[in-house]
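Down below is the structure, laid out as structure tokens.
Nothing in this text is a laboratory measurement; each read-out follows from the coordinates by a stated rule. Predicted model only: the values in this text are computed from it and were never measured. With ideal geometry, Cβ positions are generated from the backbone for all residues, glycine too; neighbour counts draw on all protein chains shown.
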């Protein structure tokens, strides 16, 4: 069957998003056990224990549809963030919110602006909607915010930023961000993806929630996948004006955040002990990995997230697989020879360094 008769050409030209290899696939392929996955920026300490308890308690009610408005989760989020619940929208992960934003704002042929090495989903969902993507080169491993502002055209609807950026782990400072905002036209939406903001400990880091004001088109996206360890539940949230969240709600699926995701996220919000443990593990893990990579003479980008972009060399990610170590090759992000390495537990970090050192010495 020639489906090109029925499917728009911009859909057929898409390359499906390729997630990292799951542990089970690697172990089947190589006949091994006890593999570690440090590829997808997951929480190595596991999910919030409070979330697990809340989910277990909610299991008998799975015959019921979830609360379509997620009243209690929105209520607690509004209290934690100090804003009205009308400014919140929830999604089946931040990815769904990104797709909803593009569908709401971008008409066929209109454009978005992204950084050259930004999160791939921005371009994918925009192309699926028939939009054009204006790609702005990075400076080193960082966004060039001045160039991104300059790239905005008359038909640009959205500028996407992620801070910290995935996959580089870098941030942009407050002064560059404020200068960028001044240059963005009032009819262009700025979307700031802060999936990793809880890992940042830098006074120059701008919290985008502080820049929401009357009349400014801005959305802040955050997630429970990383710091709370709930990646498998798929729940994220967006903050914007009540008018903009109302527009997004018009295309939102009625029950887009399932019951277990809602109760798990609600419990995880107040699991401060788990959040602190995760932050401590990440801080020590980043320091250890940086020091060891430097000892091995292996370059990595500076990171404020829970991962490092590491120049391990061509083919090395594949060589790590028989040792049961899964990292994420970054060729698809324009970084040949690089891999994204998530911070693991101390033993996982050590195992990665030991395996990498063996490969480096054999080269």
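Data for the structure
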read-out	value
Residues 191, 235, sorted so that the one with the fewest Cβ neighbours within 10 Å comes first	191, 235
Fluctuation leader among 193, 84, 175 - the chain, Gaussian network, Cα springs under 10 angstrom	175
The chain: most fluctuating residue of 22, 60, 302 per GNM, C-alpha cutoff 10 Å	60
Value of relative contact order over the chain, rounded to a whole percent, pairs C-alpha under 8 Å and six or more apart	24
Dimensions in Å of the range 257-363 - Rg and Dmax from alpha carbons	16.2, 51
Residue among 116, 25, 350 with the largest mean-square fluctuation in a Gaussian network model of the chain, springs linking Cα atoms under 10 Å	25
Radius ratio Rg over Rh of the range 49-269, counting only Cα atoms, Kirkwood formula for Rh	0.97
Fewest-first sequence of 219, 136, 7 by Cβ atoms within 10 Å of each Cβ	7, 136, 219
The range 177-246-the range 258-314 distance, computed between alpha-carbon centres (Å)	20
Shape call, the range 299-358: gyration tensor on alpha carbons, a/c limit 1.5	oblate
Sorted by Cβ neighbour density within 10 Å, fewest at the top, the residues 307, 224, 197	197, 224, 307
Cα gyration tensor shape of the range 167-303, rounded if a/c is under 1.5, else prolate or oblate by comparing a/b with b/c	oblate
Residues in the range 99-128 that a label on residue 6 would reach, taking backbone N under 20 Å of a point 7 Å out along Cα→Cβ	128
Isotropically averaged projected area of the range 37-140, using the convex hull of Cα atoms (one quarter of hull area), nm²	10.5
Fraction of antiparallel bridges per DSSP, the chain only, in percent to nearest 5	45
At R0 = 51 Å, FRET efficiency that the Cβ-Cβ distance of residue 120 and residue 273 yields, to 0.05	0.90
FRET efficiency for residue 80 and residue 154, using Cβ-Cβ distance with R0 set to 45 Å, rounded to 0.05	0.70
Part-to-part distance (alpha-carbon centres) for the range 73-118 and the range 1-67, which is given in Å	21
Gyration tensor verdict on the range 89-161 (Cα atoms; rounded if a/c is under 1.5, prolate if a/b is larger than b/c, oblate otherwise)	oblate
